[in-house]
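The values are calculated or read from the model by the stated rules, or taken from the named source; none is laboratory data. All of these numbers come straight from a predicted model, not from anything done at the bench. Positions of Cβ are generated from backbone atoms using ideal geometry, with glycine treated the same way; all protein chains shown enter the neighbour counts. Ligands, DNA and RNA are excluded from the accessible area calculation, which covers all protein heavy atoms including side chains. Shrake-Rupley method; radii C 1.70, N 1.55, O 1.52, S 1.80 Å.
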Amino acid sequence: MFNIDTIRKDFPILGEKIYNKPLVYFDNGATTQKPRCVVEKIEQGYYTLNANIHRGVHYLSQKATEAHEEARKTVQTFINARSAREIVFTRGTTEAINLIASSFSDECMEEGDEVIISAMEHHSNIVPWQIQAARKNITFKVIPITEKGELCLDSYQKLFSDKTKLVSITHVSNVLGTVNPVKVLIEEAHKRGVPVLLDGAQAVPHIQVDVQALDVDFYVFSGHKIYGPTGIGVLYGKEEWLEKLPPYQGGGEMIASVSFEKTVFNELPFKFEAGTPDYIGSTALAEALNYISRIGINQIAVHENELLSYATARLKEIEGMRIFGEAKEKSCVISFLVGHIHHYDMGMLLDRLGIAVRTGHHCAEPLMHELGIEGTIRASFALYNTKEEIDTLIESIERVRKMF
Ligand code: PMP
């Protein structure tokens, strides 16, 4: 059952005061707050279950290994992957994209080959490709966006050539909130034999993701944006792809045997997990996913959609309001500017009123250039936010507006 009062009690930080005002936390796109059960899992892990995993014969090591591998299965179930071998733990979305950019271009790309991305990508899905572009002389092509902040699907079709080796796009935009029609994008790419990577950082906390139904080849997300801890994230890859790709980093864990002459790599998914993994982080992430599953991702989506509609309507009542991103399918992220007020000024003054919003380019500078602006104010909601908090935001924006 979705009970907002019970849910809010699960997040102790929501009871904090900021400059003596109740905290209104609208920076969930950057990171979410953590429920008590996740923090307790971390504490309990270090207090009762801490030993390095996979190589130990002793009791604690075996228990810690079991918990880590159980966490992998929780992730598998959460996104409906076929096998736990398809779930690689990374530090987050950024590391997962870097892994694919590096291993995929090493194995599958030659000079002159192309990757398709979109105009609304986070830097994490631009810079890794630029690094590979410089190394291997590959290029990337960019799907443009419409005025409403949706991808131009006609242009997408035209970007394919016989050099296209991968499509790498965001599932949900962290600035515009656009939920991209990923099923169609994947079908179009697959018709041409091109695999697809989806950046799910802003999608998994808000909508049900089923990697098999999407038939996506790679899917990545971060734990900290889905009520889990920082420093842990997920790369899903179809087994046949992960088998084919070379390791990203070398070290312990990712080997079957090593001599000075030759190293035999470990099986999946360990081939991609060099070094001691964050086994406490993985179990805390699994706890976060279980927490979401107990409430129900669809229930969360209903609540967040209500917040989005309410906030959009109320923001539009404000004089001089400009909202960036009005896609038909939209997640609970609203980027806006008010009159000529600089986004930093608005952000700093809202902060003094206890409201946490993000200001700036949101790690999407090319998108800002496209929109012809330097930055925006971004309010992004989560399952624990309320309409009353949105009212506080609206009143506070009005207060700031009147000051200017
Ligand atoms: N992609 C998107 C769409 C994001 O919103 C973010 C985080 N703002 C990232 C990638 C990067 O995530 P992380 O910093 O957790 O690796």
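Points worth noting:
- With all protein chains modelled, accessible area of Glu370 [1.4 Å, Å²]: 110 Å²
- The chain: angle of helix 36-48 to the longest principal axis, Cα-based, in degrees nearest 10: 40 degrees
- Accessible surface of the chain [probe 1.4 Å, protein heavy atoms]: carbon and sulfur percent: 51 percent
- With at most 15 other Cβ atoms within 10 Å, longest stretch of the chain clear of loop trypsin sites (Lys or Arg not before Pro) (DSSP): 329-404
- Folded to 0 to 90 degrees: helix 343-352 orientation relative to the chain principal axis, Cα: 80 degrees
- Crossing angle, helix 182-191 versus the chain [Cα axis fit, 0-90 degrees, rounded to tens]: 40 degrees
- In the chain, helical runs assigned H by DSSP with n ≥ 4 each contribute -39500 (n - 2.57); averaged across all residues and rounded to the nearest 500, the mean residue ellipticity at 222 nm is -12500 deg cm²/dmol.
- Label-zone membership for the range 222-242, site Gln44, 7 angstrom Cα→C-beta point, backbone N under 18 Å: 227-229
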